[in-house]
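Comments concern the structure below.
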Amino acid sequence: MSQRNPTISKGVDWSLVWIWFILCAIGVTSIFAASYHEGENVIQGFISLKTDYSRQLLFFIIAGIIGTFILLTDSKFFTATANLGYAFGIFLLLLVFPFHSKVKGTESIIRFGSAFQLQPADLCKLFVNLALAKYLSRVDTNFTRPRSQLIAAAIALVPAMFSIMQKETGLSLVYFSFFLVMFREGLPASVLVIGFSFSVLVVATLLLEPNTLAIILTLIALLAIYILRRQVKRSRSILFLIVGIWFVCVGVQRFVVPFVFDHVFKPYQVKRIYDAIGKDYVPKDQATEAAIESEQKGKKKDNNYNVKQSKIAIGSGGLIGKGLLKGTQTRYDFVPEQKTDFIFCTIGEGFGFVGSILFLGIYALLLMRIVSVAERQRSVFSRCYAYGVASVLFFHIVINVCMTIGLAPVIGIPLPFVSYGGTSLLTFSVMLFILVRLDADRQMVLR
Amino acid sequence: MSVFNQSRSNVVRLIFAGMFLIIAAQLFHLQIISKKYKQQAQENALYRKSIYPSRGIIYDRKGRAILNNTILYDLMVTPAQVKNIDTAYLCQLIGIDTVEFRSRVLDAKAKNGPFRPTIFEDLLPPEMYARLEENIWKFPGFNLQERPVRVYPYNAAAHIMGYVGEVDSAILRRSNNYYQLGDYVGRSGLEQYYEKSLMGQRGIEFWLKDNKNRLVRRYGNADLDTPAIAGKNLHTYMDIELQQLAERLLAGKTGAIVALEPSTGGILAMASGPNYDPNSLTGPDKQTNYAKLALDVSGPMLNRAIKGQYPAGSTYKPVGALIGLDEGVIDPSSGIGCLGTYYGCNKPVKCLEKWPGHAANLRLAIAHSCNSFFCNTFRLTVDNPEYHSSRKGLQKWKEYVNAFGLGHRIGVDLPSEDGGNIPDTAAYDKEYNHSWNSCTMVTMGIGQDKMTVTPLQMANAMCIVANKGYYYTPHFVKDIEGAAEEDTLLNRFHQKHEPVSHITDDVFEVVRSGMQDVIEIGTGRPARIPGITMCGKTGTAENKKVIDGRVLKMRDHSWFVCFAPRENPRIAVAVIVENGGYGGAQAAPIASFMVEKYLNDTLRNERLADVNRIAGVNLMPKYLVRLQFKADSGRAADWARLTGDSTRLLKYLDKANRTFLLDTSEGSRNPLMQNIRKMPGYKPLTPRLAPVVPAAAAATPRQDSGRRASAPPDSPAAHRRPDTPVVHRRPDTGDSRKPSSTTIKKPSDQKGDSTQR
């Protein structure tokens, strides 16, 4: 393994590597555009390691080196260590509870010294991906059985549970993206449909008056009965099913959502959700209001402000944008967190609609490429792993971009390869390079 | 199994593509369709910075700056940068306590946020600035910022120059939002009238600001910016030394002095008493000072030269004589046998002269100001058989008087001039129910009854007599520097008005001879100046005042109008001193000082004692104490009613304090009384010594001024001199002294004036 393999490039899908390279380069440039101040020496800034863009560049190089090592690794190594890696990931997650340091309201970060910090909840998606692939590719796994489906769901959702406990709700949502992998492997479509309908119901609950929604639901139910009246005549069970669904829906919108919002979520999270859908959150009582205020004391501006400024930045880009380093919104710090979560603003303002679409096109290309790479695998492990990578990337991209353009709540999810942050960049790069490595051995059947 | 699920890869691809389409749609909406984000980004980051040009300077006829600009400093604070400073020391330097310090920093934070500089203490007095400037490095977060301020180097001509103040909503509306909130704009005097010329043109710079509202850099290549254009300087006809003399002479008096140049209509000096220190409205205490002036019932901010409406008294007589002569109802040899009373009407009119023959002809009648003669002349004019009715006669007479510039606004280049009053038939119809005759209003012939005039109008009427029939509208500004040739503002002042050109020169000569006799043998002898042929007329106007609902006859107003020299007159003066008694007593000497000062450029040594005597007389009426008390207590009562806080009112209700405040006996410690007895801190003029060598003469006054500038003012309470001009005064006094080294006569006189202000 350590000896140099002359056939390292054999079977490697270079298109994925190039896309990775382009995205990382765009990331460093965007961070440079967002944090460069007039009169600074650019070269010195890049060498000094004191500026954010120079650090990102360093991580870019490190990711490249690690990627090379991964390409030199035997594919079997990943199947062999998948379960071990999962255990290691869970161990790290547990380690957070006694050793975390409190940064920006989250309790999910372990610090080493002052410069380096580790967020296991972020890192863990790699291990989950491998472990899930490993489980689904087992010979004795029959994924049509609910038991297997439950175990697969558990593998994905245990780390999610830990991240919720570490007050990282945003990261926990990422793990739900693995359902896309399970769907590909035969999870009934109804699960996805029900899940999707459920989230639509929750959002509708927030948007509409309770009574209006109840009437709409009732009308839908009556309409369904009317359309299916023939079948209803034949079997009464359909009627009971429809009434049952109606009952559950009304129950959810009337009792479950208010209960969850009042007792499960923290008030600031509720406020974030309301902010994202553009409604003012009116706290129930003074205690809640005080809780929100104390939550926000550390931060200067609330999320409503962030999203508004971010929308202004992107919207002011127009068709072709203002040009690199010319955006007034991003240059003068109107958008907070713009190096990390709101990095898309820099692109949107600097390069406008055309630039944004091209940029998103690169991502779309990446995802489509991964899906076709997945479909050409002989081994189930590689295919599952590839779908896992695609799902996680997709979830990050969509939520992050939607966040900046006001379509999703601000939950602090980075844009893969582009947002500032060493852990994030390294995790995604390692994920992608493992995929490239596995793909290079696509003729092999890995177990 | 794998094959069975193959189609699902397409579903996954569809989901991916679908989400990207939704994002693309939202981006299209944000970036292409919606325009508001672009605008909001501009609002976020663009800042229009107004660049204020320096206001124009106003010069007198000899090129001395009467109204200038200087730099004062504001102490600014940027709250976020204030760290670890010696608060106690800073407080000591500014003269506040630490509690005040903290509250000011908090205020600044609330006002502009912690990252932008906010005014901490504005318009620092020079010595405080000097102390702070040395130590400012010790106080991070504090800095000194320049601020241009208006300064009046001679401390004179307050009413004429006016002052600048922040725009109010009315001006904002009228200017079509040309001005912005916080702009300074001329609020009275020449500052207001010539606002457009003086203010120049505001420049605009576009800056980019960051999220903390700090200005980061210029927007673009500054090609959108408009540079500021400095205000235009004004050159006036004024002689600032003459103006200073006029103000000195009016010290402690209510009244006005107007001196005109008959050949151009240029105003040489215009003073109004009581006066105020123009620099008190520019410095750090301007708000307090303004409030004090505005609440003073003696009206120090009222320019009585254009707004004071007085009965003309005998000063009207030359005009009456001219009308009578032109109408042909009298001739130069007409006379009247007057023994001290005019019995022509039911009600006798007294005449001050009783000896027979004092009105034997027109010349003598003018010289001795015979009331009988002019009552008779007036009646003859009104009852002129040519018009067949007194009604028409009165109308004709009014036309004449109006032609002499009385009874209507003349159009001087100052805002809010008053027009005086020449009654017409309607006024008498109303009061006497259409049954009146020339006897009803006979005292109009001696300038009483319903006739009121302003001092400026009388001075202008003198110009007409001096010019034998024409005048130019009195005005201050000779030219506006850098203004277009056809400046519409000044055009109307170059237009010759000839309202009484039909009166022949012979007629004028008769009256002018009479007026010359006034000075030489008549009532105006105190005004005589050896070597100058002067024509003048005294006036003693009856003065009735309504006080507490009763009409009281107060001491007469003292009038004097004149022009000199008789041939090619160079100056026409009108002086009124309220409650001054006979015209010859107060007004005549004042006018003669003005004429002598202007024509000879200096006053003779032997006259200085007289100047000092007159300047030292306080003629402020005691009833002002009562008026002030009523006004103050009324305000206190309003305040108590509005707020329920009666602490202010109690002071006026307390009986002992009431008596104290209303005590008008001389030498009482009553602050109201002391206020009207207060005299400006002029140094008496001292006679010049024998002429010295020019070099020494030039050196002495300069030394003198330097010493005086550093020494504290003699009476700080009575006449608080703002310290601002001190910085500025040196070059100016040096400037004003320039002529002093060329002539021997001047220096000592200038010394007298400029050091004593």
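The values are calculated or read from the model by the stated rules, or taken from the named source; none is laboratory data. Owing to the predicted nature of the structure, the values given are computational and were not obtained by experimental measurement. Neighbour counts are summed over all protein chains in view; Cβ atoms, including those assigned to glycine, are modelled from backbone coordinates with ideal geometry.
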Qualifying positions in segment A:360-382 - within 10 Å of another protein chain (Cβ to nearest Cβ), part of a helix (DSSP H, G or I) and not aliphatic (A, V, I, L, M): A:Gly361, A:Tyr363, A:Ser372, A:Glu375
Residue check for B:Ser34: among the polar types (S, T, N, Q) and either out of contact with any helix residue (DSSP H, G or I) (no Cβ under 7 Å at 6 or more places or on another chain) or away from chain A (no Cβ under 14 Å) (or both): no
Single match in B:Asp107, B:Asp97, B:Asp86 (criterion: touching a Cys at 6+ places or on another chain (Cβ under 8 Å) and either within 8 Å of another protein chain (Cβ to nearest Cβ) or surrounded by fewer than 20 Cβ atoms within 10 Å (Cβ to Cβ) (or both)): B:Asp97
Where A:Val430 falls short, out of the listed (1) within 14 Å of another protein chain (Cβ to nearest Cβ); (2) surrounded by fewer than 21 Cβ atoms within 10 Å (Cβ to Cβ): (1)
Any hit, segment B:482-495, residues being in a helix (DSSP H, G or I), under 17 Å from B:Phe404 (Cα atoms) and in contact with a helix residue (DSSP H, G or I) (Cβ under 9 Å, 6 or more places away or on another chain): no
Selected residue [out of contact with any strand residue (DSSP E or B) (no Cβ under 9 Å at 6 or more places or on another chain) and over 19 Å from B:Val412 (Cα atoms)] from B:Gly524, B:Gly514, B:Gly536, B:Gly549: B:Gly549
In segment B:1-16, residue modelled with the lowest pLDDT [restricted to those that are more than 7 Å from every other protein chain (Cβ to nearest Cβ) and surrounded by 12 or more Cβ atoms within 10 Å (Cβ to Cβ)]: B:Ser2
Test: residue in segment B:307-319 that is more than 25 Å from B:Val511 (Cβ to Cβ) and not in a loop (DSSP other than H, G, I, E, B): yes
Selected residue (only one of A:Val139, A:Val96, A:Val42 is among the β-branched types (Val, Ile, Thr), closer than 30 Å to A:Pro188 by Cβ and assigned by TED's automatic domain parsing to the domain that holds A:Gly327): A:Val139
Segment B:29-82, residues that are in contact with an Asp or Glu (Cβ under 6 Å, 6 or more places away or on another chain), within 26 Å of B:Ile267 (Cα to Cα) and surrounded by fewer than 21 Cβ atoms within 10 Å (Cβ to Cβ): B:Arg61
Test: residue in segment B:343-358 that is outside any loop (DSSP other than H, G, I, E, B) and at pLDDT 90 or above: no
Qualifying residue in segment A:187-208 (condition: buried (at least 17 other Cβ atoms within 10 Å of the Cβ) and either out of contact with any helix residue (DSSP H, G or I) (no Cβ under 8 Å at 6 or more places or on another chain) or within 14 Å of chain B (Cβ to nearest Cβ) (or both)): yes
Residue list for segment B:231-249, restricted to those being in a loop (DSSP other than H, G, I, E, B) and not hydroxyl-bearing (Ser, Thr, Tyr): B:Gly231, B:Lys232, B:Asn233, B:Met238, B:Asp239
Filter pass, A:Leu393 being modelled with pLDDT of 90 or more and farther than 24 Å from A:Arg55 by Cβ: no
Answer residue from segment A:340-358, given it is surrounded by 22 or more Cβ atoms within 10 Å (Cβ to Cβ), away from chain B (no Cβ under 11 Å) and closer than 18 Å to A:Cys24 by Cβ and is modelled with the lowest pLDDT among those: A:Asp341
Considering residues of segment A:400-423 that are among the small types (Gly, Ala, Ser) and either touching a Gly at 6+ places or on another chain (Cβ under 6 Å) or away from chain B (no Cβ under 14 Å) (or both) only, the residue nearest to A:Ile61 (Cα to Cα): A:Gly422
Exclusive hit being aromatic (Phe, Trp, Tyr), within 16 Å of A:Leu16 (Cα to Cα), outside any helix (DSSP H, G or I) and out of contact with any Lys or Arg (no Cβ under 8 Å at 6 or more places or on another chain), set A:Phe433, A:Phe417: A:Phe417
Selection from segment B:251-271 of residues that are within 30 Å of B:Arg677 (Cβ to Cβ) and crowded, with 24+ Cβ neighbours inside 10 Å: B:Lys253, B:Thr254, B:Gly255, B:Ala256, B:Ile257, B:Val258, B:Ala259, B:Ala269, B:Met270, B:Ala271
Which numbered condition A:Ile397 fails, given (1) over 30 Å from A:Ser137 (Cα atoms); (2) more than 8 Å from chain B (Cβ to nearest Cβ); (3) surrounded by 24 or more Cβ atoms within 10 Å (Cβ to Cβ): (1)
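For segment B:361-373, give me the residue count where each residue is farther than 20 Å from B:Arg525 by Cβ and either in contact with a Lys or Arg (Cβ under 7 Å, 6 or more places away or on another chain) or outside any helix (DSSP H, G or I) (or both).
The qualifying residues number 0.
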Which numbered condition B:Ala45 fails, given (1) within 14 Å of chain A (Cβ to nearest Cβ); (2) among the aliphatic types (A, V, I, L, M); (3) out of contact with any helix residue (DSSP H, G or I) (no Cβ under 9 Å at 6 or more places or on another chain): (3)
Wholly within segment B:160-230, helices (runs of 4 or more DSSP H) carrying at least 2 residues that are crowded, with 19+ Cβ neighbours inside 10 Å: B:189-193, B:195-199
Among (1) hydrophobic (A, V, I, L, M, F, W, C); (2) at pLDDT below 90; (3) out of contact with any Gly (no Cβ under 7 Å at 6 or more places or on another chain) - the single one B:Val511 does not satisfy: (2)
Odd one out for A:Leu219 among (1) modelled with pLDDT of 80 or more; (2) under 27 Å from A:Met165 (Cα atoms): (2)
Scope segment B:198-214; condition closer than 30 Å to B:Gly162 by Cα and in contact with a helix residue (DSSP H, G or I) (Cβ under 7 Å, 6 or more places away or on another chain); matching residues: B:Leu198
Test: residue in segment B:578-585 that is more than 30 Å from B:Ala360 (Cβ to Cβ) and surrounded by 22 or more Cβ atoms within 10 Å (Cβ to Cβ): yes
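How about segment A:311-339: which of its residues are more than 23 Å from A:Asp52 (Cα to Cα) and either within 8 Å of chain B (Cβ to nearest Cβ) or not in a loop (DSSP other than H, G, I, E, B) (or both)?
Within segment A:311-339, the subset more than 23 Å from A:Asp52 (Cα to Cα) is A:311-312, A:315-321.
A:Lys311, A:Ile312, A:Gly315, A:Ser316, A:Gly317, A:Gly318, A:Leu319, listed by residue number.
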Residue check, A:Ser48 small (Gly, Ala, Ser), under 23 Å from A:Cys384 (Cβ atoms) and modelled with pLDDT under 90: no
